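**Q** This is the structure I have questions about; it appears just below.
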Amino acid sequence: MLFKLVMVGEVGVGKSSLLLRYTDHTFTDQDIASIGADFKVKHMVSHRKKLKLQIWDTAGMEKFRLMTSSYFGGANGVVVVFDVTNRDSFANAERWIAEATNYSNQDQPLKYVFVGNKVDLVSDKTKREVATSEGESLAKKYNNSTYFEASAKSNLHVDELFECLASQLVEQNLNPLA
């Protein structure tokens, strides 16, 4: 089974870092600015089904917004990423959801996973700008989606967030009315 996932979010929230941690088991502290979009492939098993995840990493910069929209065609799932230390990235999450919904062309609704990234930076409570409860509320608002707090740097919940979305897509595919 092939599933196309698209990662969205503002520039600097860690989309590329999450993807590289998941697919290549690597992390770099250097900023990775995506230009347009890039994708990686990950093979996995869920519900005793062999899966091929094609995961698109889109650019968060405004100047690439039109290019980014073309990558939603054929998408099955969306990973909405924001930085828990950046309130604006959270505030703009719904704009990314609207864009994904607008440009996707699926008969079945998109499945979402919401990710509050960079939790490794919030050991100092004053740095956190988005509460866990806010991320959970946003996720519930969109088809009772799942919310993860993650860290690409410390590899916290990275595999789990992608596996969760893949599992939901398999269930939807086996049960089209779900």
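Any read-out appearing in this document is the output of simple, stated calculations on the displayed coordinates, not a laboratory observation. Please read all numbers here as calculations on a predicted model, not as lab measurements. As a convention, Cβ positions derive from the backbone with ideal geometry for all residues, glycine included, and neighbour counts pool all protein chains shown.
**Q** Starting from 0.36 nm per residue, how many nanometres of slack lie between Asn102 and Gln30 once their C-alpha separation is accounted for?
**A** Residue separation times 0.36 nm, minus the Cα-Cα distance, leaves 22.7 nm.
**Q** How large is Rg over Rh for the range 2-174, taking Rg from the Cα atoms and Rh as the Kirkwood inverse mean of 1/r across Cα pairs?
**A** Rounded to two decimals, Rg over Rh is 0.93.
**Q** Please report the net charge: other residues with Cβ closer than 12 Å to the Cβ of Phe114, K and R +1, D and E -1.
**A** Taking every other residue near Phe114 into account, the sum is -1.
**Q** Now for a different question. Extension gain Arg87-Asn143, at 0.36 nm per residue separation less the Cα-Cα distance, in nm?
**A** Extra length available between Arg87 and Asn143 comes to 17.9 nm.
**Q** Using a 7 Å offset from the Cα along the Cα-to-Cβ direction at both Asp120 and Lys50, what is the distance between the two label points in nm, to one decimal?
**A** Label-label distance for Asp120 and Lys50, simple model: 3.4 nm.
**Q** How long is the gain from Ser133 to Glu160 if the chain were fully straight, where each residue apart is worth 0.36 nm and the alpha carbon distance is subtracted?
**A** Between Ser133 and Glu160, full extension yields an extra 7.8 nm.
**Q** By counting other Cβ atoms within 10 Å of each Cβ, how are Val158, Val78, Val122, Val45 ranked from fewest to most?
**A** Val45, Val122, Val158, Val78
**Q** Going Cα to Cα from Lys52, which lysines come in below 22 Å? Please leave out same-chain ones fewer than 8 positions away.
**A** Result set, ordered by chain and number: Lys4, Lys15, Lys40, Lys42, Lys111.
**Q** Moving on. For the range 105-166, which trypsin sites (Lys or Arg not before Pro) are in a loop by DSSP, counting at most 10 other Cβ atoms within 10 Å?
**A** Sites meeting the loop and neighbour criteria: none at all.
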